[in-house]
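Read through the structure below, which is laid out as structure tokens, and then see the notes.
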Amino acid sequence: AQSVTQLDSQVPVFEEAPVELRCNYSSSVSVYLFWYVQYPNQGLQLLLKYLSGSTLVKGINGFEAEFNKSQTSFHLRKPSVHISDTAEYFCAVSDAGDMRFGAGTRLTVKP
Amino acid sequence: SQTIHQWPATLVQPVGSPLSLECTVEGTSNPNLYWYRQAAGRGLQLLFYSVGIGQISSEVPQNLSASRPQDRQFILSSKKLLLSDSGFYLCAWRGSSYNSPLHFGNGTRLTVT
């Protein structure tokens with residue numbers, strides 16, 4: 001069965017600084033990878049997804065992620081964060097039947 | 001376009017009382033449906049998923065159950081709530097393909113007192 005590990009539970013960063021949220025996965029078959037964002041007391045919104053093709057995928061709100069098969073990673077990046085990016089971010093993997101999520105990374109952007 | 005409705009938004013129930021949370025999807029047919037629970041400060045735990053009417057897969061043995069009486073309706077139930085059932089419950093749907101993303105409802109905040 002697939003699993004996802006988000007290596008950082010909390011990431012504090014100053015406004016306009018770059019950020020990377022790390023995600024590693026394990027799966028015995030080909031996978032599809034996703035990043036979601038959750039604002040307080042709301043459901044999750046899709047940021048971006050990797051299905052196939054180019055390993056660098058771009059999403060909404062200026063985020064991008066790079067799929068690295070040899071390192072089984074799918075790290076999320078943004079070159080310059082805003083206060084409004086403060087939220088919980090979840091990495092997810094899907095291979096058959098269901099989707100598994102990491103424990104989440106709390107991104108806090110400070111002024 | 002597809003939409004997902006989940007209600008109620010918040011719920012406070014005493015220990016031992018029953019529970020029924022409902023989720024409906026519009027604008028698509030034969031979706032895969034999911035119930036997740038999110039405890040405070042923790043990630044998402046998959047509770048149930050369904051690939052069709054009457055087909056329910058349970059991920060975690062507990063006092064919760066799920067049913068899918070109609071194609072686009074998914075219900076989470078309990079006969080007797082426990083304190084540990086408190087949390088944020090999220091319903092989600094996606095297409096039948098494994099590369100389809102999940103689309104989430106706005107969640108139900110359940111507090112068992």
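Scanning segment B:45-62 for residues that are within 10 Å of chain A (Cβ to nearest Cβ), in a strand (DSSP E or B) and out of contact with any Ser or Thr (no Cβ under 8 Å at 6 or more places or on another chain) turns up B:Q45, B:L46.
When the criteria are applied in full, B:G41 fails the requirement of being farther than 18 Å from A:Q2 by Cβ, in a loop (DSSP other than H, G, I, E, B), at pLDDT 90 or above and not charged (D, E, K, R).
The condition (being farther than 13 Å from A:F101 by Cα, aromatic (F, W, Y) and either in contact with a Pro (Cβ under 7 Å, 6 or more places away or on another chain) or not in a loop (DSSP other than H, G, I, E, B) (or both)) is satisfied by just one residue among A:F34, A:F67: A:F67. Selection of segment B:17-46 for residues being without any contact (Cβ under 8 Å) to a residue 40 or more places away in the chain and either in contact with a Phe, Trp or Tyr (Cβ under 9 Å, 6 or more places away or on another chain) or under 11 Å from B:R68 (Cα atoms) (or both) yields B:G43, B:Q45, B:L46. Could you tell me whether segment A:78-90 includes any residue that is in contact (Cβ under 8 Å) with a residue 60 or more places away in the chain, in a strand (DSSP E or B), within 26 Å of B:S97 (Cβ to Cβ) and within 16 Å of the chain's Cα centre (by Cα)? Yes, because at least one residue in segment A:78-90 is in contact (Cβ under 8 Å) with a residue 60 or more places away in the chain, in a strand (DSSP E or B), within 26 Å of B:S97 (Cβ to Cβ) and within 16 Å of the chain's Cα centre (by Cα). When you look at A:K58, is it over 16 Å from A:V4 (Cα atoms), in contact with a helix residue (DSSP H, G or I) (Cβ under 7 Å, 6 or more places away or on another chain), among the basic types (K, R) and away from every other protein chain (no Cβ under 14 Å), yes or no? In short, no. When B:A40 is tested against the conditions (1) crowded, with 16+ Cβ neighbours inside 10 Å; (2) out of contact with any helix residue (DSSP H, G or I) (no Cβ under 7 Å at 6 or more places or on another chain); (3) small (G, A, S), the lone failure is (1).
The values are calculated or read from the model by the stated rules, or taken from the named source; none is laboratory data. Note that this is a predicted model, so its numbers are computed, not measured. Note that each Cβ is placed from the backbone with ideal geometry, even for glycine, and that neighbours are counted across all protein chains shown.
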